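Visitor: After the structure tokens below, expect a handful of questions from me.
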Amino acid sequence: MSLPDLLKGRLSIPVVGSPLFIISNPDLVLAQCKAGVVGSFPSLNARPVEVFEQWLQRITRELDEYNQANPDKPAAPFAVNQIVHKSNDRLQQDLELCVKYKVPIVITSLGAREDVNEAVHSYGGIVLHDVINNFYARKAIEKGADGLIAVAAGAGGHAGTLSPFALIHEIREWFDGPLLLSGAISNGNAILAAQAAGADLAYIGSAFIATEEANAAQAYKDMIVESTASDIVYSNLFTGVHGNYLRQSIVNSGLDPEALPESDPSKMNFGSGGSSKAKAWRDIWGAGQGVGAVKQVVPAAALIERLKAEYEAARARVAAL
């Protein structure tokens, strides 16, 4: 197992905050990074592309200022998520801006491309690619990705169906590079479990939706707090790709969670499918099975402190076994 050099000595806890569509913004990313967790956001959250450059300017400037003021405790680096899919007509423009601002970490999703990886490597950045099975993991590394994000069962938003233990095992049989695990990780015990299973870092999303900085409706944040694992519904109706969503948001949109039709997986979209006017992620809210560990809406720094305390307690408990 290995940790990228740019993360060594920069993390307060072995966590990367996952890029949350619509929700992740500069306020959340900066709060995560300053608290010692990699903050990330999808480039498509910044619309139009000019806004994306403004976000990059602000994040790089504020993190540089923070690091100069705190040389003994620098912030964690940030990451930008690029959707490598034919439906993303902004990919080239956004990639050029990532190169211009030397984004430390680029997270690629829904496709792996050598030219994207080469562009990030040109300035010394690294690429982490998210995968739902071992087949796609091998393809990503073959095309030049530096590390992998294993998206296992229970992850929020687009997610796989494999047990994290099975997925991590199969990848670790041949890959000893940076490996992150996603899937129902919302407390310190789960972060340590991810490492014990063979991952280097935990990849956490849903818990950060219920933070003050997150660009989510208050009703969405409250629903995260009120929900448990049994309130998560797995469907490909809303984007054409299978994902996990909050049951009550589906009900509120006039749909029956128990009778959702299948969508055409070859036609990825951000509509709802069928005749409904409800849209993911505006109306149909994504979340993972780890929501039961989220008990209140708090600042991102407070959430990270809770995770850190739980993680240290878990390490002490396991060491005493």
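The values are calculated or read from the model by the stated rules, or taken from the named source; none is laboratory data. These figures come from a predicted structure and were not determined experimentally. Backbone-built Cβ (ideal geometry, glycine too); neighbour counts: all protein chains shown.
Visitor: If Ser40 meets every condition in (1) farther than 17 Å from Val127 by Cα; (2) in contact with a helix residue (DSSP H, G or I) (Cβ under 7 Å, 6 or more places away or on another chain) apart from one, which number is that one?
Guide: All conditions pass for Ser40, except number (1).
Visitor: If a residue has to be in a loop (DSSP other than H, G, I, E, B), of a type in the set (A, V, I, L, M, F, W, C) and in contact (Cβ under 8 Å) with a residue 12 or more places away in the chain to count, how many in the range 33-51 make the cut?
Guide: As a first pass, look at the range 33-51 and keep what is in a loop (DSSP other than H, G, I, E, B): 35-37, 46-48.
Checking which are of a type in the set (A, V, I, L, M, F, W, C) leaves us with 35, 37, 46.
Filter again for in contact (Cβ under 8 Å) with a residue 12 or more places away in the chain, leaving 35, 37.
Residues in the range 33-51 being in a loop (DSSP other than H, G, I, E, B), of a type in the set (A, V, I, L, M, F, W, C) and in contact (Cβ under 8 Å) with a residue 12 or more places away in the chain: 2 in total.
Visitor: If a residue has to be small (Gly, Ala, Ser), modelled with pLDDT of 95 or more and either surrounded by fewer than 19 Cβ atoms within 10 Å (Cβ to Cβ) or under 18 Å from Ser109 (Cβ atoms) (or both) to count, how many in the range 1-35 make the cut?
Guide: Start the filter on the range 1-35 by keeping residues that are small (Gly, Ala, Ser), which leaves 2, 9, 12, 17-18, 24, 31, 35.
Those left that are additionally modelled with pLDDT of 95 or more: 12, 17-18, 24, 31, 35.
Then keep just the ones that are either surrounded by fewer than 19 Cβ atoms within 10 Å (Cβ to Cβ) or under 18 Å from Ser109 (Cβ atoms) (or both); that gives 12, 17-18, 24.
Residues meeting the conditions: 4.
Visitor: Also, quick follow-up: I need the full set of residues from the range 216-244 which are among the hydroxyl-bearing types (Ser, Thr, Tyr) and touching a residue at least 60 places away in the same chain (Cβ under 8 Å), in order please.
Guide: Tyr220, Ser227, Thr228, Tyr234, Thr239
Visitor: Among residues belonging to the range 137-167 that are more than 23 Å from Gln289 (Cα to Cα) and of a type outside the set (A, V, I, L, M), point out the one that is surrounded by the fewest Cβ atoms within 10 Å (Cβ to Cβ).
Guide: The extreme case among them is Glu142.
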